[in-house]
Amino acid sequence: MSGNKNRNRKRHHCGQKPEKFKPGEKSILLIGPPNVGKSVFFNYFTGLEASVGNYAGTTVEFSRGRMAIRGFQYDLIDVPGTYTLDATNPAEKVAVDMLKQRPAGIVCVLDANSLESGLYLLYQVLEFKLPTVVAINRSDLARERGYLTDFNTLESELGIPVIETVALTSQGLEAVREKIFSAPVSSEPLPEVSSQRWERAEKIAGKAQKIKTSRSGETKRQKLDPWLTNPWPGLPLAVLILSFIFAIIIGLGMGLRQYILLPFFRGLVFPPLIQGVEGIIPPGIIRDILIGEYGFLIKGLEWPLALVFPYVLSFYFALSVLEDSGYLPRFGILLDGIMAKIGLRGSNIIPLLLGYGCAIPGILGTRALESKKERIMISTMISLAVPCISQSGAFFALLAEVSILVVLALFAFSILAMFVAGLVMDRLLPGKRMDTVLEIPELLFPRPRFLGRKVLMRIKGYIFNGAVPMVMAVGIASLFYETGILVFVGRILSPLIEQWLRLPQEAAVPLVLGIVRRELAVLPLVEMGLSQTQLLVGAIVALFYVPCIAVLATLAREFNLKIAALILLVTVATAFLTGGLLARILELIF
């Protein structure tokens with residue numbers, strides 16, 4: 001943050017009159033730097049009943065929920081994380097705009113481990129003359145590192161309530177809720193320019209926080225960092241960690257699928273359902289649409305809930321463990337040298353990994369990147385070769401029982417394709433590689449309560465954004481199949497499907513359905529009795545095949561229609577070219 005000390009920009013809103021906290025006014029802002037724990041505050045105060053949307057006229061997302069204070073209801077708004085209010089990027093501009101709208105109050109969450117830079121941000125917030133409460137979070141980690149913070153001194157110097165918090169254990173959160181109701185506006189003289197703010201922040205931080213050096217000099221968790229971020233032994237450890245995660249995803253998912261969900265649906269749900277439909281609806285097209293080969297009531301439940309859901313659950317559990325432990329940024333540092341070979345940074349691995357949950361959050365995660373070249377490269381790589389969790393679940397359902405090696409080969413092919421695509425785009429797209437800047441959080445043991453909440457929120461997202469659209473798509477597929485439309489399309493695509501890809505004609509069905517939902521390019525293959533080579537070819541085609549409609553819409557909104565169309569063209573061409581070549585190679589080998 002020292003580079004900001006030389007900025008000398010005056011504010012034009014310093015003359016606004018202070019306002020007292022007014023019960024019944026609309027909103028309270030939750031402001032702080034990234035990775036400070038604001039989301040834990042937000043979830044605690046709103047009870048997870050929240051919505052996420054884009055700020056008007058921008059692509060910047062923020063969360064909004066309802067917060068109760070002494071019987072009054074307020075909109076709590078989680079402002080996009082920002083280190084300053086200098087308005088040098090979209091997130092900072094949105095934060096400034098929200099403050100200008102004169103909310104009822106502000107909860108400013110700062111990190112006890114980075115007090116000086118946090119106070120710089122706080123002084124910028126205080127310029128708006130709004131009722132403010134300061135929460136100094138992660139104080140437990142600061143004490144572990146040897147930082148001793150005098151919160152009374154901070155409160156005296158700032159002239160507003162300062163509360164020590166440990167969000168993960170809910171320590172101090174109720175005090176924050178109580179204090180905001182009577183929060184004052186700071187009456188202390190405020191520095192007006194950037195250099196003065198830094199000087200004042202440095203002075204107060206030095207006065208309120210002392211460093212007590214422990215005998216070891218660093219915490220046990222800090223001693224692990226070189227093991228996780230240096231090539232040796234970081235890379236072998238990364239292979240072991242990711243192999244363990246992969247085993248959890250497949251093992252837990254397959255166990256839930258084989259021993260719980262499939263027996264439940266096929267033994268308890270489907271028989272009475274089929275019997276009921278047969279007793280009410282006579283034989284014909286309507287009955288076939290409901291319980292036929294692509295029956296809406298059968299496949300519409302089995303595919304999203306029995307085949308895909310168990311792998312979704314195991315994946316989100318594994319991903320949440322990686323996130324909450326703090327390993328992902330360290331993995332990014334470890335891969336920085338490899339990513340540099342394709343013009344990217346190690347930190348770019350995070351939106352790529354988000355893409356394995358869903359392509360849309362992965363693409364939206366590129367908004368924080370400084371280079372448009374990086375954004376286009378990452379978004380193209382996600383759209384081309386990163387299977388979303390629904391599609392990954394479908395791949396596991398399709399291939400895991402045949403051979404784990406085939407599953408590993410598919411995902412290895414995915415990584416190879418991303419690397420090749422990165423090499424090509426790095427040479428074709430203008431722009432240069434940016435320096436790696438990555439904030440490294442403390443290594444932590446994931447807390448079961450918060451881990452469970454995060455997994456439940458993501459499962460809720462899968463139900464509404466994945467399972468429900470999949471059920472609707474299965475209904476469309478059933479209608480098209482029973483009316484003969486898919487058979488007609490299959491005949492048209494027969495030369496491409498049978499002669500080039502060496503797949504049966506009915507494989508045209510998943511290619512049509514894959515346009516609606518990516519996993520539907522895979523699931524119909526499960527029951528076609530394909531050979532191992534055909535399964536692998538079909539999976540490779542499905543992997544590179546068109547992004548679903550929602551992803552294409554996101555690409556068009558984030559960039560433009562031309563880029564979305566180019567990515568669509570690249571994915572389709574890659575899918576059929578790679579699938580056909582692979583079919584011939586496997587034909588020669590086997």
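List of remarks:
- Matching residues in region 244-288 - criterion: being surrounded by fewer than 16 Cβ atoms within 10 Å (Cβ to Cβ) and among the basic types (Lys, Arg): Arg266
- Residue in region 307-328 that is of a type in the set (Asp, Glu), at pLDDT 80 or above, out of contact with any helix residue (DSSP H, G or I) (no Cβ under 6 Å at 6 or more places or on another chain) and assigned by TED's automatic domain parsing to the domain that holds Pro430 present: no
- Options Leu535, Leu486, Leu588; residue that is in a helix (DSSP H, G or I), free of Cβ contacts under 8 Å to residues at least 12 places away in the same chain and farther than 30 Å from Arg375 by Cα: Leu588
- Candidate set: region 171-206, residues that are assigned to a loop (DSSP other than H, G, I, E, B) and among the polar types (S, T, N, Q); chosen: the one surrounded by the fewest Cβ atoms within 10 Å (Cβ to Cβ): Ser187
- Matching residues, region 489-519, being of a type outside the set (A, V, I, L, M, F, W, C), under 20 Å from Gln534 (Cα atoms) and assigned to a loop (DSSP other than H, G, I, E, B): Arg502, Pro504, Gly514
- Lone unmet requirement of (1) crowded, with 18+ Cβ neighbours inside 10 Å; (2) assigned to a helix (DSSP H, G or I) for Ile338: (1)
- Lone qualifier among Ile163, Ile106, Ile69 - being among the hydrophobic types (A, V, I, L, M, F, W, C), under 20 Å from Phe42 (Cβ atoms) and surrounded by fewer than 21 Cβ atoms within 10 Å (Cβ to Cβ): Ile69
- The condition (being surrounded by fewer than 18 Cβ atoms within 10 Å (Cβ to Cβ) and in contact (Cβ under 8 Å) with a residue 24 or more places away in the chain) is satisfied by just one residue among Leu496, Leu511: Leu496.
- Some residue of region 426-433 being at pLDDT below 80, surrounded by fewer than 20 Cβ atoms within 10 Å (Cβ to Cβ) and touching a Lys or Arg at 6+ places or on another chain (Cβ under 6 Å): yes
The values are calculated or read from the model by the stated rules, or taken from the named source; none is laboratory data. A quick note: this is a predicted structure, and the numbers were derived from the prediction, not measured. Every residue, glycine among them, receives a Cβ derived from its backbone with ideal geometry; neighbour counts consider all protein chains shown.
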